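Heads up: the structure comes next, in structure tokens.
Each value in this text was obtained by applying a stated rule to the coordinates, not by laboratory testing. What you are looking at is a predicted structure, and each value in this text was computed from that prediction instead of being measured. For neighbour counting, all protein chains shown are included, and Cβ atoms are generated from backbone atoms with ideal geometry for every residue, glycine included.
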Amino acid sequence: MKIPENEQEQFKVYLRILEKIFEKEITEERKRSIIEKIDKELQSNIEKGAVTTTNIISFIFKVWTEEITLILQERQSKKIPTVFNIGDLVRGKVIFTKLDDLIEGV
């Protein structure tokens with residue numbers, strides 16, 4: 001999987017990587033819930049006239065971050081280890097050009 005040069009398209013690839021890492025927990029039901037959260041926020045922003053590509057991508061990452069945090073908390077409470085390595089990201093071809101970008105990505 002190659003990360004597109006276009007920043008607006010990159011988030012799709014990042015979401016696929018996250019989906020792969022957490023594939024057991026990201027059920028169809030959870031995907032629908034995520035989509036509903038995103039749709040609700042987009043509708044709210046449309047009504048306010050505040051829809052920009054940056055806002056959309058930012059909110060999608062926010063929702064995914066919340067979901068992944070919940071998954072990690074669930075795993076921790078069930079004492080299920082969470083293991084993935086940088087190789088998972090390398091296979092996904094995630095390339096950071098600045099250290100700050102890497103830190104933000106992690």
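Among the residues of segment 33-83, how many are in a helix (DSSP H, G or I) and surrounded by fewer than 13 Cβ atoms within 10 Å (Cβ to Cβ)? If you could, list the steps in order and put the result at the bottom.
Filtering segment 33-83 down to residues in a helix (DSSP H, G or I) leaves 33-48, 53-77.
Add one more test, that the residue is surrounded by fewer than 13 Cβ atoms within 10 Å (Cβ to Cβ), and what stays is 35-36, 39-40, 43-44, 46-48, 53-54, 58, 65-66, 69-70, 73-74, 76-77.
Of the residues in segment 33-83, 20 are in a helix (DSSP H, G or I) and surrounded by fewer than 13 Cβ atoms within 10 Å (Cβ to Cβ).
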Using beta carbons and a limit of 7 Å, which pairs, at least six apart or on different chains, have the first residue in segment 47-60 and under 18 Å from Ile34 (Cα atoms) and the second one among the charged types (D, E, K, R)? Phe59/Glu41
